[in-house]
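Below: one structure, written as structure tokens.
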Amino acid sequence: MARPQARFVCQQCAAVYPKWTGRCDGCGAWNSLIEELPREELPSGLAKRGSDRRGGRSLGFVGLTGPSTLPPRRETGIAELDRVCGGGFVPGSAILVGGDPGIGKSTLLLQAAAAVAPGSGPSSGRPGTAAYITGEEAVDQVRLRAERLGVADSPMLLATASNVRDIIASLDREGAPELVVVDSIQTMYLDTLDSAPGTVSQVRAAAQELIRLAKRRGFVLVLVGHVTKEGVIAGPRVLEHMVDTVLYFEGERGHQFRILRAVKNRFGATDEIGVFEMSDRGLVEVPNPSALFLAGRAAAGAEVTGAAGMGQVSGSAVFAGMEGTRPVLVEVQALVAPAVLGTPRRAVVGWDGTRLAMITAVLDARCGLSVGTNDIYLNIAGGLRIVEPAADLAVAAALVSALTETPVPGDTVVFGEIALSGDVRPVGHTEARLKEAAKLGFAQAWMPIRRGKRREAAVAAGLETSPFDHLSELVERLTPKRSPLGPLSRQPRIGVAS
Ligand code: TYD
Ligand code: MG
């Protein structure tokens, strides 16, 4: 029989080539082809037989109506983690946790395993109901970390392994642990495959075997996935399709805050976030993120004004946002300075640069400002990344406020979507946003024009509302009335629509 033909597989898009080339024709990636041997030849005849019906079992079709049992959840007791998973882990499901190196994946999962291990769930009292399998660190390293986290006396099982066959041999039995953490999937390999650990085919095959085992034995499988330079889970998207839930662990290195975000969840809502703070004793839950994201601002403001603990600095607006089902208040900061070079600079942290370009264009075209010719720096305080269009109005408020050096009142939250026409559009969850703002001591809301219910919501929350119908009303509100030329003379170019 002929020797199996070597083939070259793109590590980005899994396209297969008979010969090595520098660039993948499929996805355009450079240097992404790696030689891999095919897993096994198809049993002779199967390929030839094709869609033959012999040997297949007929499916037992059922109707849509019928008894359905909601999957019972296994809560970890780490509320922020449970929230992101949609109320706890679902037995028999596979979860992929991705994130930059050093962000805290291993820390979080060791904490989760320790929380599950004592067996407070259905199998209460059984020791060692969580297993932590690491292919990256030595046992001593994990023990040291466990000591630091204060969970060293947890009855969980710990092992170092990277051969999937060994893992399956140890877990494929009655009374398998309830939770199995595999850190990381890139270090695991199947000895039936010739390619090196971490290649697409190894990652895919190893994950497949482990997921199959989890389904068979009904345990929760958590896979740690590395993230490539481009920010996607290495190995590549195929892994995201295979698991039930994909969680991303994100955060800025300079900040202590870590945000766990669900990007896919077959058993719950996506876009839920869990907020943690990295401390010297591991990750600590942050049940009230708004207070945390606004903490610096309140402290700074107290010195300046002493009133309501909020500062009166221009170029800042508090956005009443929603992250999943939870309202989160964050500060949007903007700095506008005359451009020194021909092309104005744009630096955006925590928000979409394209969206910023759109808002400056609307301010220029519909409100007669000339923001676009200036350098613009925009920052979402605290390291949160906002994707909601509802932040448009808050960003515009911060920009205009920076431009005119007129502070947005410190007791005001802002939200609303901006259309290209300059109209301010209503957004969802008004009630929840207003309630959260009221809870944190805000007294005013700048928001899309009120209609019926929205007004009731504001009144119920005890907030005074300033409805906006068009962006120019916001500009008017933030333009100094007295001497437009005096204080503005040392200002960036403004208001002179040519
Ligand atoms: P780790 O969980 O090893 O990251 P990952 O598995 O995602 O690569 O996190 C390591 C980082 O967390 C490291 O920079 C040190 C920090 N850390 C703390 O600040 N406090 C702690 O209690 C622990 C365990 C880690
Ligand atoms: Mg790690």
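For the range 387-452, the alpha carbon positions stretch 30, 27, 24 Å along the principal axes, listed from largest to smallest. Excluding same-chain neighbours fewer than eight residues apart, the aspartates and glutamates reachable from Lys481 by a Cα-Cα span under 13 Å are Glu405. Counting only the Cα atoms, the range 312-366 fills a convex hull of 123 Å³ per residue. According to the calculation over all Cα-Cα pairs in the range 337-395, the P(r) per 5 Å bin from zero is 4, 18, 27, 26, 16, 8, 1 %. Considering only the Cα atoms of the range 144-211, their convex hull presents on average a projected area of 5.4 nm². Computed 3J(HN,Hα) for the range 63-69, one whole-Hz value per residue from the Karplus formula 6.51 cos²θ - 1.76 cosθ + 1.60 where θ = phi - 60°, is x, 6, 7, x, x, 9, 9, glycine and proline marked x.
Expressed in units of 2.2 N^0.38 Å, where N is the residue count, the Cα radius of gyration of the range 261-420 is 1.11. Answer rounded, prolate or oblate for the range 332-434, using the Cα gyration tensor with square roots of eigenvalues a ≥ b ≥ c: rounded when a/c is under 1.5, else prolate when a/b is larger than b/c, else oblate. Prolate is the answer for the range 332-434, as a/c is 1.5 or above and a/b outweighs b/c. Here the alpha carbons of the range 133-172 define both size measures, Rg and Dmax, at 11.5, 32 Å.
Computed over the alpha carbons of the range 131-282, Rg followed by Dmax gives 16.0, 45 Å. Note the direction-averaged projected area, equal to a quarter of the hull surface, for the Cα convex hull of the range 65-205, in nm². Result: a mean projected hull area of 10.5 nm².
Relative protection proxy for 316-328, 434-446, from highest mean packing down: 316-328, 434-446 (other beta-carbon atoms within 10 angstrom). Convex hull volume per residue, computed on the Cα atoms of the range 56-101, equals 158 Å³. Taking 1.567 mPa s as the viscosity and 4 °C as the temperature, the Stokes-Einstein diffusion coefficient of the range 241-287 based on its alpha-carbon Kirkwood radius rounds to 112 µm²/s.
Each value in this text was obtained by applying a stated rule to the coordinates, not by laboratory testing. The structure displayed is predicted, hence computed values, not measured ones. Cβ: placed from backbone, ideal geometry, glycine included. Neighbour counts: every protein chain shown.
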